[in-house]
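Accompanying notes for the structure given below.
The values are calculated or read from the model by the stated rules, or taken from the named source; none is laboratory data. Since we're looking at a predicted model, the values are computed, not measured. A quick note on method: Cβ atoms are made from the backbone with ideal geometry, for glycine too, and the neighbour counts reach across all protein chains shown. Remember, those area values only see protein heavy atoms, side chains included, never the ligands or the DNA or RNA. Shrake-Rupley method; radii C 1.70, N 1.55, O 1.52, S 1.80 Å.
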Amino acid sequence: MFATRNTEPLASFNTLSQIINHLELGESTDLAMWSNSEEFIVRAELPGFGSDDVEVEVEDRILRIRAIENSDDSESYLNEKSTVQRNERRVHLPFVVNIDSVKAKMDNGVLEVRLPRVESERPRKIEVNN
Amino acid sequence: MEKEMVTAENKENEEKYSEQKFVRRVIPHANVHPSEKGFGIEIELPGVSIDEVDISMTGEHLTVSAMRPAVEHVGYSGPSLPPTKYARSFRLRATALDREGITAKVSDGLLKLFVPKAPGFQPRKITISQN
């Protein structure tokens, strides 16, 4: 019934913010996102950091994750520490979220943030009449 | 008769391979820093709990391996992160390092090892005697 085109490279993205997120992150797995009509989930890998060392902020449709690192200027023979820990990560949210209901937790160096969509904007079924 | 044998074999293969799950193999990031008393090695194992870390020594090689389970959110669109095996080896030159004295600690997905220098290799002052 609905014709499908096989030549749409951006077909898997529903919103501009998803495209932006994908371009910024490439194929790395240290930041992953899931969404459905009710909630957006963000998973960030921050090994060595606990809940006290991380700041999570939501402003409008941007989620900011900041890891506070004690600077360690000692000499290193090998330093492959993930650069993600030194920067702020920003994630574009696909919809407006209810900031009061956002939950964030850390376990084994992995941060998981759950952002519920604002009630009034959740998709609603529309009855089809004859 | 031969056709029957072939179909039986296919079915066996199908069962065997459908049970095998894809496990992603990753070499974890490491940070090595020297100190007077030895070497500190930090290995990033995000999402791994202490029970899943295995550290072993075979001869001069120290091997760290850990399994991180799959991450999935059913009912959401997004990636399915496969179970991941982190593994990395280091060669510790036996004479200079005290392999028996290696300590390890895991917290927040970060493994910290300390490999002390062997007693004869610790820094020491040599006194000069006058004649």
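Residues of region B:62-95 being over 12 Å from the mean Cα position of the chain (by Cα) and part of a strand (DSSP E or B), which ones? Reasoning before the result, please.
Our first condition is that a residue be over 12 Å from the mean Cα position of the chain (by Cα); within region B:62-95, this holds for B:69-83, B:91-95.
Within region B:62-95, B:Val71, B:Ser77, B:Leu81, B:Arg91 meet the criteria.
Cβ-Cβ below 9 Å, separation at least six or inter-chain, first residue in region A:99-111 and more than 14 Å from A:Arg43 (Cβ to Cβ), second open to solvent by 40 Å² or more (accessible area, probe 1.4 Å): which pairs?
Listed pairs, sorted by first residue: A:Ile99/A:Glu59; A:Ser101/A:Arg114; A:Val102/A:Val56; A:Val102/A:Arg114.
Could you tell me whether region B:104-114 includes any residue that is open to solvent by 40 Å² or more (accessible area, probe 1.4 Å), within 24 Å of B:Lys21 (Cα to Cα) and within 14 Å of chain A (Cβ to nearest Cβ)?
no
On the given criteria, is B:Val48 open to solvent by less than 30 Å² (accessible area, probe 1.4 Å), under 12 Å from the mean Cα position of the chain (by Cα), modelled with pLDDT of 90 or more and closer than 30 Å to A:Glu38 by Cα?
So B:Val48 fits the description; yes.
Give region B:48-61 a look and list any residue that's within 14 Å of chain A (Cβ to nearest Cβ) and in a strand (DSSP E or B), or say none.
Passing the criteria: only B:Val53.
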